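A.B. asks: This is the structure, below, for whatever I ask next.
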Amino acid sequence: MPLHGDEHATARTYAGAHRTLKRLRGSAVGKPCAAPGCRRLADGWGLIGHPTHIGPHPDHGRTVRWSIRIFTDYAPLCSSCNNLRDHGGSWDFCPRGHSRLAYGRSGGKCRGCRRDAERARTAAGRAAGPAAQAGASEVADGAVSAP
């Protein structure tokens, strides 16, 4: 008997959940993206609810999240909006709390987070002092052998 409403699938793996999703709901390709304010067409199904499972991806081994709530936790998403959700946070804020509307994204990363990381690198360089920076550049150029 097919699942309906918010009934759960029994898939135990990331790949199994996605096979079940496609079998029960079909392809999401070409449907309107479900993200607020997005006008693109979906490239596939994306997790919009809370994951029920966390584990390794079968292809690359990185940690991924998935859900067995096939009908309530997935929606058609374009690749950009799917990446936004996969990297954490909400539709409005990145995981570190920067407003997505105010900062936007650059290369898939929050511009506010990139700015904060650059400030931290600059501060670390200043704390090391000019002698340490000059010595590091001479070693990098091959003018001085590293200790």
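The values are calculated or read from the model by the stated rules, or taken from the named source; none is laboratory data. Since we're looking at a predicted model, the values are computed, not measured. FYI the Cβ positions are ideal-geometry reconstructions off the backbone, even for glycines, and counts take in every protein chain you see.
A.B. asks: Restricting to the range 65-102, and then to whatever is part of a loop (DSSP other than H, G, I, E, B) and in contact with an Asp or Glu (Cβ under 7 Å, 6 or more places away or on another chain), can you tell me which residue is surrounded by the fewest Cβ atoms within 10 Å (Cβ to Cβ)?
C.D. replies: In the first step, residues of the range 65-102 are kept if they are part of a loop (DSSP other than H, G, I, E, B); the result is 67-73, 78, 87-92, 94-98.
Within this subset, residues satisfying the condition of being in contact with an Asp or Glu (Cβ under 7 Å, 6 or more places away or on another chain) are 67, 69, 71-72, 78.
Details: S67: 20, R69: 19, F71: 15, T72: 13, C78: 22.
Restricting to residues being part of a loop (DSSP other than H, G, I, E, B) and in contact with an Asp or Glu (Cβ under 7 Å, 6 or more places away or on another chain), the top hit is T72.
A.B. asks: Across the range 57-82, what is the number of residues that are more than 21 Å from G26 (Cα to Cα) and without any contact (Cβ under 8 Å) to a residue 40 or more places away in the chain?
C.D. replies: Total satisfying the criteria: 5.
A.B. asks: Pick out the one residue from G55, G49 that is in a loop (DSSP other than H, G, I, E, B), in the same structural domain as T13 (by TED's automatic domain parsing) and under 16 Å from the mean Cα position of the chain (by Cα).
C.D. replies: Details: G55 fails: in a loop (DSSP other than H, G, I, E, B).
The conditions single out G49.
A.B. asks: On to the next question. Restricting attention to the range 27-42, report how many residues are among the charged types (D, E, K, R) and under 20 Å from G89 (Cβ atoms).
C.D. replies: Taking the range 27-42 and keeping what is among the charged types (D, E, K, R), we get 31, 39-40.
Narrowing the set further to residues that are under 20 Å from G89 (Cβ atoms) leaves 40.
Qualifying residue count, the range 27-42: 1.
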